[in-house]
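Colleague: Sharing a structure with you now.
The values are calculated or read from the model by the stated rules, or taken from the named source; none is laboratory data. Only a predicted model underlies this, so the values are computations on that prediction, with no experimental measurement involved. Neighbour counts are summed over all protein chains in view; Cβ atoms, including those assigned to glycine, are modelled from backbone coordinates with ideal geometry. Just so you know, the surface numbers come from the protein's heavy atoms only, side chains and all, with ligands and any DNA or RNA stripped out. Shrake-Rupley method; radii C 1.70, N 1.55, O 1.52, S 1.80 Å.
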Amino acid sequence: MFDIDGVILMLQQNPQWIAWVLFIAAFIESFAIIGIFVPGVVLIAIASGMAASAEIHIIQVLIITFLGSCIADISSYAIGRKLSRKIDRVWPFISHPDWLLKGKEFFKSYGILGVFIGRFIGPIRPVMPITAGSMRMNAKHFIGIDLLSGMIWAPLYTFPAYFAGKIVSENISNLPLISGLLLVAILVIVILTKYYKK
């Protein structure tokens, strides 16, 4: 089970790791298949909130998240392109062919626009880059769309927790109420993530 309290405690004791955790979380959330199993979105929320209380500027948070997610997407695309026709015979697609099938159907239906839209849809996000690569999408087109969508994706995933963390750090007198609200927000994120990844 994912230990949210453990991550928060670790970052409180080691604030110098917040940027690294944020990068790794964005990478995990976006990298082929891993994002299905590991709650990267929760890690991003935690690290973003902690970044605000550690006075890491929002621009730095955006750049770190953007880079982590885009490096993961482009790496996934490269893996898909390398495996190409053999992709349905490797793990985890050999055990879950429906994942790849859904990605291919989505790509065929929406093309380049599907790569852009797919980044914002939970079950599609981790398979879209590897699918686009396996279907030999033009590399320049993929990278261009990925960088553009990343500029929107990064703020969507970091702003809510970052500004909530800012409120907490600036309103310490209301800490019990604000902590409760943050806990509810994190629980909602976890529940939605599990629902959309089914």
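Colleague: When you go through (1) open to solvent by 70 Å² or more (accessible area, probe 1.4 Å); (2) not in a helix (DSSP H, G or I) one by one for Y110, which number turns out not to apply?
Modeller: Failing condition for Y110: (2).
Colleague: Is there a residue being under 19 Å from K86 (Cα atoms) and basic (K, R) anywhere in segment 134-146?
Modeller: Within segment 134-146, one or more residues are under 19 Å from K86 (Cα atoms) and basic (K, R).
Colleague: If I ask for residues that are buried (at least 24 other Cβ atoms within 10 Å of the Cβ) and among the polar types (S, T, N, Q), which ones from segment 121-138 would you list?
Modeller: T131, S134
Colleague: Further question on the same structure: When the residues of segment 60-77 are narrowed to those that are among the β-branched types (V, I, T) and crowded, with 24+ Cβ neighbours inside 10 Å, which ends up nearest to M151 (Cα to Cα)?
Modeller: Per the stated criteria, the residue is T65.
Colleague: For segment 6-30, give me the residue count where each residue is without any contact (Cβ under 8 Å) to a residue 60 or more places away in the chain and small (G, A, S).
Modeller: Of the residues in that region, 3 qualify.
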